[in-house]
Amino acid sequence: MSFPKDFLWGGATAANQLEGAYNVDGRGLANVDVIPHGEDRQAIITGKMKHTAFDDKHFYPAKKAIDHYHRYKEDIALFAEMGFKTYRFSIGWTRIFPKGDERTPNEAGLKFYDDLINECIKYDIEPLVTITHFDIPMHLVDEYGGWRNRKMLEFYERLVTVLFNRYKGKVKYWLTFNEINVLFRDPFIGAGIVFDDGENEEQVKFNAAHHELMASAIATKIAHEVDPENKVGCMFAAGAGQFYPASPHPEDVRAAQVMKQKDYFLIDVQSFGEYPNYVLKYLEREGISIPFEEGDKKILNENTVDFISFSYYGSFVAERADEGGDIKVVDNPYLESNDWGTPIDPLGFRITINDLYDRYQKPLFVSENGIGAYDNLDENGYVEDDYRIEYHAKHIAAMKDAIELDGADVFGYTTWGPIDLVSASSGEMSKRYGFIYVDRDDEGNGTLERSKKKSFNWYKKVIETNGEDLTNESFR
Ligand code: BG6
């Protein structure tokens, strides 16, 4: 058997992309709520455009999403039918602390997650919790400027202390920040940052990164104190850091190395407990400082993560810097892409698993993998998503090679969006990842009814056979 017998097969979601019910049971407003679908989305996500409230001009998909808040029992029953061993979901911070800086949590919000977790346990599904998945209370964005401000450590500590105590004995696996390296590309969703005119954006991002790294280490410390059984992981957008050189020319190879280091340094800190020299030297040259305070180095050093979780969608290619000094990201002529331009590269998945295991020598957990695609319903309302089956089959086979032939220690795999949900980058519903179809369009029309796609029974078979049978038979 190539996969360990207790391998954690399952799926992954994020609160803001599926729960909806944005103002129900005392929930406060979060940054992710006010990001609209459509033209301004990209500028807002990247912190270039200030947009911190609802208006009539835009459509806000997170408000209702797929209404998992009211349908979680139906959804988890479907996950159980596929045989999920684990379900990765995130906690909506503003359900627990609606503004973020209160001292007492919102009991109704906690009750929702009590019920959700109990529902998983009922089916023997191991809950795996992301503490923050791109969400920050809007009050903390408006009042404190998000993670640029060290005060955030205090609020995050309050959040995690409540969660670790409340779910002691029920939740064992925790991820501190979803795709922590994404804050450098998308600072509003990664860190609640809206830039002021003329400020040193790079410095602001490094300040926020240091605060999140500190928060992650403090959370790890508390998790272990509350329950030594707790396992805390980082969450790395590893595909975003998987760069191939455009050619064997050493300058292209060097360009790929530099691009990789930009993403890897955060995981180096979380895993090794200190900033690597390559980033310290870079910051020195750029005149950027890390806002260290007394005791920070010790906290980072003593509270490294127990495992490395990561997402992987595809790989990228770097070409040597142009005259302006910027490294170019170019297309890979050997790979096809999905409709949104993400290259499809199963062998890159095996390479990434090897890179991570060689570097960190810690257990790995694949916390996201999947393909965004347009799905068409046939006359019976059925989706024959062979392209999705093919994508997952090839990636699971590559993961199997990494385990069986290369000896990497991988203990679980959760597909992204086992049920269709709102896209983080585009806000679309039509960029679908699920094995379960949800009747909703990009403008919010639809019954929200759930139905099984062809891939549903395929994934069920994969789990049943512990990854041995990846064939695409007819499952109709
Ligand atoms: C990851 C995120 O980057 O990729 C998810 O953790 C996101 O939140 C997923 O949904 C897929 O990306 P997208 O933009 O297609 O939704």
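Tell me the label-point distance for the pair L347, E404, using the 7 Å Cα-to-Cβ offset, in nm and rounded to one decimal.
Taking the two extended label points, one gets 1.8 nm.
Check each of the chymotrypsin sites (Phe, Trp or Tyr not before Pro) in segment 341-430 and keep only those in coil by DSSP with at most 13 other C-beta atoms within 10 angstrom; list them in order.
For chymotrypsin sites (Phe, Trp or Tyr not before Pro) across segment 341-430 that sit outside H, G, I, E and B with at most 13 neighbouring Cβ atoms in 10 Å, the list reads Y374.
Quick one: if the Förster radius is 41 Å, what FRET efficiency do F292 and Q42 give, using the C-beta to C-beta distance and rounding to 0.05?
Working from the Cβ atoms, E equals 0.80.
Using R₀ = 45 Å, calculate the FRET efficiency as 1/(1 + (r/R₀)^6) where r is the Cβ-Cβ separation of F59 and D6; round to 0.05.
0.55
Compute the distance in nm between two label points, each set 7 Å from the Cα along the Cα-to-Cβ direction, one at E468 and one at R185.
A separation of 3.8 nm, rounded to one decimal place.
Using θ = phi - 60° and the Karplus form 6.51 cos²θ - 1.76 cosθ + 1.60, what ³J(HN,Hα) does each residue of segment 134-140 get, whole Hz, x for Gly and Pro?
Going residue by residue, I get 6, 10, 9, x, 4, 4, 6 Hz, with x marking Gly and Pro.
Quick one: if you stick a label point 7 Å off each Cα along the C-beta vector at R150 and D339, how many nm between them?
If labels sit at R150 and D339, their model points lie 4.9 nm apart.
Can you list residues from other chains, or at least 5 along the same chain, whose modelled amide H is less than 5 Å from the amide H of D345?
Distant-sequence amide H within range of D345: S315.
From the phi angles alone, apply the Karplus equation (6.51, -1.76, 1.60; θ = phi - 60°) to segment 122-128 and give each ³J(HN,Hα) in whole Hz, x where the residue is Gly or Pro.
Per residue, the Karplus-derived 3J(HN,Hα) values read 3, 9, 6, 9, 6, x, 10 Hz.
Give me the extension gain from E302 to R166: residue separation times 0.36 nm, minus the current Cα-Cα distance, reported in nm with one decimal.
46.5 nm is the gain from fully extending E302 to R166.
For segment 8-464, build the charge dipole from Cβ charges (+1 Lys, Arg; -1 Asp, Glu) around the Cα centre, then report which of L283, M235, M138 sits farthest towards its positive end.
Going by the Cα projections, it comes out as M235.
What is the percent carbon and sulfur in the accessible area of the chain, measuring with a 1.4 Å probe over the protein chains and ignoring ligands?
Its accessible area is 47 percent carbon and sulfur atoms.
How do 51-64, 304-317, 330-343 rank on mean C-beta neighbours within 10 Å, highest first?
Packing order, densest peptide first, comes out as 304-317, 51-64, 330-343.
How much of the pair distance distribution for segment 315-426 lies past 24 Å, counting alpha-carbon pairs only, in percent?
For segment 315-426, the fraction of Cα-Cα distances above 24 Å is 40 percent.
Between Q242 and residues 5 or more places away or on another chain, which pairs have amide H atoms under 5 Å apart, with H built 1.01 Å from N, and which residues are they?
When sequence neighbours closer than 5 places are left aside, the close amide H contacts are F316.
After finding the eigenvalues of the alpha carbon gyration tensor for the chain, what semi-axes result from the square roots of 5 times each, listed largest first in whole Å?
Listed largest to smallest, the semi-axes of the chain are 30, 28, 24 Å.
Be a star and scan segment 423-465 for residues whose amide nitrogen sits under 14 Å from the point 7 Å along the Cα-to-Cβ vector of Y374.
429-432, 442
Mind listing which GluC sites (Glu not before Pro) in segment 170-216 are in a DSSP loop and have 16 or fewer other Cβ atoms within 10 Å?
Details: sites: E179, E199, E201, E202, E212; in loops: E179, E199.
In loop regions of segment 170-216 (DSSP not H, G, I, E or B), the sparsely surrounded GluC sites (Glu not before Pro) are E199.
How much net charge surrounds N178 when only other residues with a Cβ under 12 Å from its Cβ are counted (Lys, Arg +1; Asp, Glu -1)?
Neighbour charge sum, excluding N178 itself: -4.
For segment 376-416, which GluC sites (Glu not before Pro) are in a loop by DSSP, counting at most 12 other Cβ atoms within 10 Å? Walk me through the intermediate numbers first.
Working: sites: E379, E384, E390, E404; in loops: E379, E384.
Answer by residue number: E379.
K452: which lysines have alpha carbons under 20 Å from its alpha carbon, excluding same-chain residues fewer than 8 sequence positions away?
Straight-distance partners of K452: K73, K85, K431, K460, K461.
At 1.4 Å probe radius, can you tell me the per residue accessible area of the chain in Å²?
Dividing the accessible area of the chain by its residue count gives 39 Å².
List, in order, the whole-Hz ³J(HN,Hα) value for each residue of segment 7-21 obtained from phi through the Karplus relation with A = 6.51, B = -1.76, C = 1.60 and θ = phi - 60°; use x for Gly and Pro.
In residue order, the calculated couplings are 4, 8, 7, x, x, 10, 9, 9, 3, 5, 8, 9, 5, x, 6 Hz.
The values are calculated or read from the model by the stated rules, or taken from the named source; none is laboratory data. Small disclaimer: the values here were computed from a predicted structure and weren't measured. Here Cβ is always computed from backbone atoms with ideal geometry, including for glycine, and neighbour counts include all displayed protein chains. Please note that ligands, DNA and RNA were not included when accessible areas were found on the heavy atoms of the full protein model with its side chains. Shrake-Rupley method; radii C 1.70, N 1.55, O 1.52, S 1.80 Å.
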